[in-house]
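The values are calculated or read from the model by the stated rules, or taken from the named source; none is laboratory data. Note that the structure is a prediction, hence the values are computed from the model and not measured. Cβ placement follows ideal geometry from the backbone for every residue including glycine, while neighbour counts extend to all protein chains displayed. With ligands, DNA and RNA removed, areas are computed over all heavy atoms of the protein, side chains included. Shrake-Rupley method; radii C 1.70, N 1.55, O 1.52, S 1.80 Å.
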Amino acid sequence: MENLNAGIERPPSLTLERATEKDVDAFLDLERSVANLRTYSAVTDRGEALAEIEGNILYLIREDDEIVGSVAYEMKAPDHAYISGLVIRPGSQGSGIGKAAMVQILEKLKGIPTIDLVTHPHNVRAIKLYESLGFVIGEQKENHFGDGEPRIVMTLKH
């Protein structure tokens, strides 16, 4: 298990654990906890969940022994990373877990010149979080995930 926690400020007992195929049910349960939000395009079936775990570098966020979220990225090129997902279980939102997890991922991606992500333009909390980490709002993409909802691209340049 890769530990990205050394020396990073975070809520007490917060850890990131690299997800594997054995974590598919836990990841799917987490995604389903936010599936009713129109500002997030959740993974809702086992095949999609496996593809996310296998196609990204995906970490389960644990507080104590409870899975409270996930964060994932993929390397598009040696100089470009894409944050493909950040999910915090509804009961744990607003506690600093998302920011702490993003700080750890950005530390891992230190030295990558371009890091981007997409989020829903109405997801004000997420936009504020990403802006606090240095991301800048760019273009808006209509129906980006095929769910009929727009997304905005946010980019962090080093």
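Tabulated data for the structure shown
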{"item": "First in the stretch 16-32 and in contact (Cβ under 8 Å) with a residue 40 or more places away in the chain, second anywhere and surrounded by 21 or more Cβ atoms within 10 Å (Cβ to Cβ) and aromatic (Phe, Trp, Tyr), Cβ under 7 Å, 6 or more apart", "result": "Leu16/Tyr59; Glu17/Tyr59; Arg18/Tyr59; Ala19/Phe27; Ala19/Tyr59"}
{"item": "Hey, Lys110 charged (D, E, K, R) and not in a strand (DSSP E or B) or not", "result": "yes"}
{"item": "Qualifying positions in the stretch 118-158 - of a type in the set (Ser, Thr, Tyr) and either in a loop (DSSP other than H, G, I, E, B) or in contact with a Gly (Cβ under 8 Å, 6 or more places away or on another chain) (or both)", "result": "Thr155"}
{"item": "Filtered residues of the stretch 38-81 (kept if open to solvent by 40 Å² or more (accessible area, probe 1.4 Å), farther than 20 Å from His122 by Cα and hydroxyl-bearing (Ser, Thr, Tyr))", "result": "Thr44"}
{"item": "Members of the stretch 1-40 found to be hydroxyl-bearing (Ser, Thr, Tyr), part of a loop (DSSP other than H, G, I, E, B) and either modelled with pLDDT of 90 or more or closer than 17 Å to Glu74 by Cα (or both), listed by number", "result": "Thr20"}
{"item": "The stretch 110-126, residues that are without any contact (Cβ under 8 Å) to a residue 60 or more places away in the chain, in contact with a strand residue (DSSP E or B) (Cβ under 8 Å, 6 or more places away or on another chain) and more than 13 Å from Thr155 (Cβ to Cβ)", "result": "Pro121"}
